[in-house]
Amino acid sequence: MRYFVKRLDKAKKAIDEGDFIVIGAGAGLSAAAGIEYSGKRFTDNFKEFIEKYSMADMYSSGFYPFKTSEEKWAYWAKHIYLNRFQVGKTDLYQKLLKLVENKDYFVITTNVEHQFWINGFEDERIFATQGDYGFLQCGEVCHNKLYYNEDLIKEMVEKTVDCKIPSDLIPTCPVCGAEMETNLRKDNLFVQDEKWYEANERYSNFLRKIEDNKVVFLELGVGYNTPSIIKYPFEQWTYDNKNATLIRINRDYPDAIKENESKTISFDEDMDEIFDYWLSRIF
């Protein structure tokens, strides 16, 4: 316990003294916030899909080879509704905001549930690289516009029968007529719209601004699905900047690389407990 508190205090001191905070958020942050893709939350909400398709969890179910579009959209509508539109604000994201709201921060995230916006983080300080459950795109990428899907998703859920939606609810592109897809980076047909490029530029500008200043890379629940987006760059930038500190919170992969051991503060403890301690030290 004493070693845990020592690490907590060291990390909080780095955050307090840092000129900039770069938050890197992965699936582990949302899971810690209660947006879990497996266990009771999955079995309680997808009973009929589990019985029909022998699904194991929401993540792997996203790759299920549905035979028809009516079946595919019945599953995805339920998945999107549950994780994007039903959750609302979460305590853990609120605590994270309180921790950094008075700092010069930027968020890079692979999460697609829109939680940073829902919980009040500034739009100009967020870059969601992998898409957003709340938008559809042309499946053939005939153009780069995204379409907000909340009303359609709710109608799909309401009208799902025997794990199928009515055929007339299958979304089609208003330009070319192809079937639409959720705006998720799953292949080379992912649409990066104008807002995506603007966010990418703001992130790049922020990174240029921090240079050799005191910066904290706060890595939260980032695994190895897409390590080249957050994990590997954070390690490289920590190594390159003599004034950088990497704070890594991850139950499964907390350790620092050898080259950054002296500059990394690692935690595999409960994220909620960590944030509570840090917030109790705000005066």
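The values are calculated or read from the model by the stated rules, or taken from the named source; none is laboratory data. Keep in mind the model is a prediction, meaning the values are calculated, not measured. So basically every Cβ, Gly included, is an ideal-geometry build from the backbone, and we count neighbours across all protein chains shown.
Residues that are of a type in the set (A, V, I, L, M, F, W, C) and assigned to a loop (DSSP other than H, G, I, E, B) were ranked within the stretch 102-151; the one that is surrounded by the fewest Cβ atoms within 10 Å (Cβ to Cβ) is C142. Among residues of the stretch 29-55 being in a loop (DSSP other than H, G, I, E, B) and over 21 Å from the mean Cα position of the chain (by Cα), the one that is farthest from I153 (Cα to Cα) is S54.
Kindly check whether there is at least one residue in the stretch 196-213 that is among the polar types (S, T, N, Q), under 28 Å from A33 (Cα atoms), touching a residue at least 24 places away in the same chain (Cβ under 8 Å) and surrounded by 16 or more Cβ atoms within 10 Å (Cβ to Cβ). No, every residue in the stretch 196-213 fails to be among the polar types (S, T, N, Q), under 28 Å from A33 (Cα atoms), touching a residue at least 24 places away in the same chain (Cβ under 8 Å) and surrounded by 16 or more Cβ atoms within 10 Å (Cβ to Cβ). Filtered by the rule that a residue be part of a loop (DSSP other than H, G, I, E, B), surrounded by 16 or more Cβ atoms within 10 Å (Cβ to Cβ) and in contact (Cβ under 8 Å) with a residue 60 or more places away in the chain, the stretch 216-259 gives G221, V222, G223, T226, I229, I230, N250.
Would you check which residues across the stretch 56-96 are in a loop (DSSP other than H, G, I, E, B) and not hydroxyl-bearing (S, T, Y) and list them? If the condition is that a residue be in a loop (DSSP other than H, G, I, E, B) and not hydroxyl-bearing (S, T, Y), then A56, D57, G62, F63, P65, F66, K67, Q86, V87, G88, K89 are the ones that fit.
Between A14, A56, A25, the distinction of being touching a Leu at 6+ places or on another chain (Cβ under 6 Å) and either closer than 22 Å to Y203 by Cα or free of Cβ contacts under 8 Å to residues at least 40 places away in the same chain (or both) belongs to A25 only. What about K89, is it surrounded by fewer than 20 Cβ atoms within 10 Å (Cβ to Cβ) and touching a residue at least 40 places away in the same chain (Cβ under 8 Å)? No, not satisfied. Of all residues in the stretch 228-235, at least one satisfies being assigned by TED's automatic domain parsing to the domain that holds I126, closer than 19 Å to V22 by Cβ and among the basic types (K, R). Just name the residue that is farthest from F234 (Cα to Cα) out of those in the stretch 69-115 that are of a type in the set (V, I, T) and in contact with a strand residue (DSSP E or B) (Cβ under 7 Å, 6 or more places away or on another chain). Top of the filtered list is I80. Looking across the stretch 263-283, the residues that are assigned to a helix (DSSP H, G or I) and either touching a residue at least 60 places away in the same chain (Cβ under 8 Å) or of a type in the set (K, R) (or both) come down to K263, M271, D272, I274, F275, D276, Y277, W278, L279. Just so you know, in the stretch 56-82 the residues that are more than 22 Å from the chain's Cα centre (by Cα) and among the polar types (S, T, N, Q) include one that is surrounded by the most Cβ atoms within 10 Å (Cβ to Cβ), and it is S69. So T172 fits all but one of (1) assigned by TED's automatic domain parsing to the domain that holds K67; (2) in contact (Cβ under 8 Å) with a residue 12 or more places away in the chain; what number is the exception? Only one criterion in (1) assigned by TED's automatic domain parsing to the domain that holds K67; (2) in contact (Cβ under 8 Å) with a residue 12 or more places away in the chain is unmet by T172, namely (2). Within the stretch 39-88, the set of residues being within 20 Å of H114 (Cα to Cα) and of a type in the set (K, R) comprises R41, K78, R84. Quick one: count up the residues across the stretch 154-195 that are assigned to a helix (DSSP H, G or I) and surrounded by 12 or more Cβ atoms within 10 Å (Cβ to Cβ). Residues that pass the stated criteria total 6. Taken across the stretch 38-52, residues that are buried (at least 19 other Cβ atoms within 10 Å of the Cβ), more than 27 Å from P166 (Cβ to Cβ) and polar (S, T, N, Q) do not occur at all.
Considering only residues in the stretch 1-28 that are part of a helix (DSSP H, G or I) and aromatic (F, W, Y), the one that is surrounded by the fewest Cβ atoms within 10 Å (Cβ to Cβ) turns out to be Y3.
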